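Have a look at the structure below before the remarks.
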Amino acid sequence: MLNCTKLLKKVGTVRLLALLIFVQGTIHLGAIYGQVKPKTALLRTVVIDAGHGGKDPGCHGGYSNEKDVCLSMALKLGKLIQESFPDIKVKYTRETDVFVELIERANIANRANADLFICIHANAGSNVAYGTETYVLGLHRTESQKKVMERENSIISLEDDQGAKYKEFDLTPDAMIAIQLQQNVNLNNAIKFASALQKEFNNIGRYDRGVKQAGFLVLYKTAMPSVLIETGFLTNPKEEGFIGKTEGQDKMANAMFKAFSAYKLAFEGKTSTNPSVSLDTSKVVEKDTNSSKIPSNEVFFSVQIVSSADRLDLTSPKFKGEQVHEYFQDNLYKYYTGIFVKDLEGAKKHKSSMQEKGFSSAFVIAFSEGARISIEKALKLAEK
């Protein structure tokens, strides 16, 4: 097996990225949504991880603790899966209020030979922060993502050795790139499931903060597609009034179940006539909530500058320093820059500047509610 860490030291990150692009271009990784794995694959086992527990309460709101909210949603999700798919084995990292070390959560999933690992959490922030976001293992791109990662990782101080066992866990950019190279298929599948989750959360009225990457220790050692869901902000009274109560937890668990059902169909190479459990391949994959914010409900225009058969890092030199966003459509990853709410002329001017910068094939595109639409439809919606 290729030792990526040693390779990094020899050739450096830039050359390894070039190698990664070459490898991805020469190895067949399967079609993106229609065929996540060969059609003979079956999703047999899922491990559901309720974050925190026992002496670790997690974050809290005015009346609820993260550990209790997470456990409730985890058990509800597991029950829905077992009732609808009796052939699937559902295993929990905890079913009661007990403390489980982060590495043991990953070990439980690995010992079960799980096909999917779902880690459920609640978020903390200002008293006005809101929305859901789903993480996969990778490099954080913003300070807010880093803070979420640090908060969730900080519980290792409560473990018996106070986190000594994690010293070998290398979360540096070079090491994370090596892990992504080694676990390319798992990462791609995790992103697909995370995208399905965010779609279903949006369908029940939750604000979609996007699919993101960060170095969560609980995902570091898992050997299957793994996601960490931040279901909402307990520090926001309105958010706590939703995920902190049974009705909201039921809705979140049902949304997770619909995403799971859609992912299962894709994983097994099947299709569905039920649009509520279909994977929308035109959805935005990652959203930046700090700058160039993507509107959740308004029509906006943008400029597409790059398309690729392989997923690109949003900081790739190909983008020439432009802040870009990504969506997936027609078996291609597509990248666009600039957010112009109901402003076609602004987008056209931006297109001209992008062409002058070297993106000769740049063209204007439009989105509504996270999905790409025609310019004509966007203009009609913008008039309302």
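Computed from the coordinates by the stated procedures, all read-outs in this text should not be read as laboratory data. Keep in mind that this is a model prediction, so the values were computed, not measured. Glycine also receives a Cβ, built like all others from the backbone with ideal geometry; neighbour counts cover every protein chain displayed.
Quick look at the numbers
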| quantity | calculated |
| --- | --- |
| Sorted largest first, extent of the stretch 284-383 alpha carbons per principal axis (Å) | 37, 28, 27 |
| Table column - 3J(HN,Hα) (Hz), the stretch 206-217, Karplus curve with 6.51, -1.76, 1.60, x for Gly and Pro | 7, 6, 8, 8, x, 9, 9, 10, 6, x, 6, 4 |
| In order through the stretch 371-384: 3J(HN,Hα) via Karplus (6.51 cos²θ - 1.76 cosθ + 1.60), integer Hz, x for Gly, Pro | 10, 6, 10, 6, 4, 4, 5, 4, 5, 5, 5, 5, 6, 6 |
| Listed pairs Lys320/Lys351; Lys221/Lys334; Lys91/Lys245; Lys320/Lys349; Lys79/Lys212; Lys67/Lys245 exceeding 20 Å between Cα atoms | Lys221/Lys334; Lys91/Lys245; Lys79/Lys212 |
| Which of Leu217, Leu332 has the fewest Cβ neighbours within 10 Å, and the rest in rising order | Leu332, Leu217 |
| Amide hydrogen neighbours beyond the local backbone of Lys89, cut-off 5 Å, H modeled | Thr45, Val46 |
| For Ile373, residues with placed amide H under 5 Å, excluding near neighbours | Ala366, Phe367, Ser368 |
| Likely footprinting exposure, Lys212, Lys320, Lys91, Lys351, fewest C-beta neighbours within 10 Å first | Lys320, Lys91, Lys351, Lys212 |
| Hz values of 3J(HN,Hα) by residue in the stretch 118-134 - Karplus curve (6.51, -1.76, 1.60), Gly and Pro given as x | 10, 9, 10, 9, 10, 9, 9, x, 6, 7, 10, 5, 8, x, 10, 8, 10 |
| Neighbour-count order for Glu101, Glu322, Glu247, fewest beta carbons within 10 angstrom listed first | Glu247, Glu322, Glu101 |
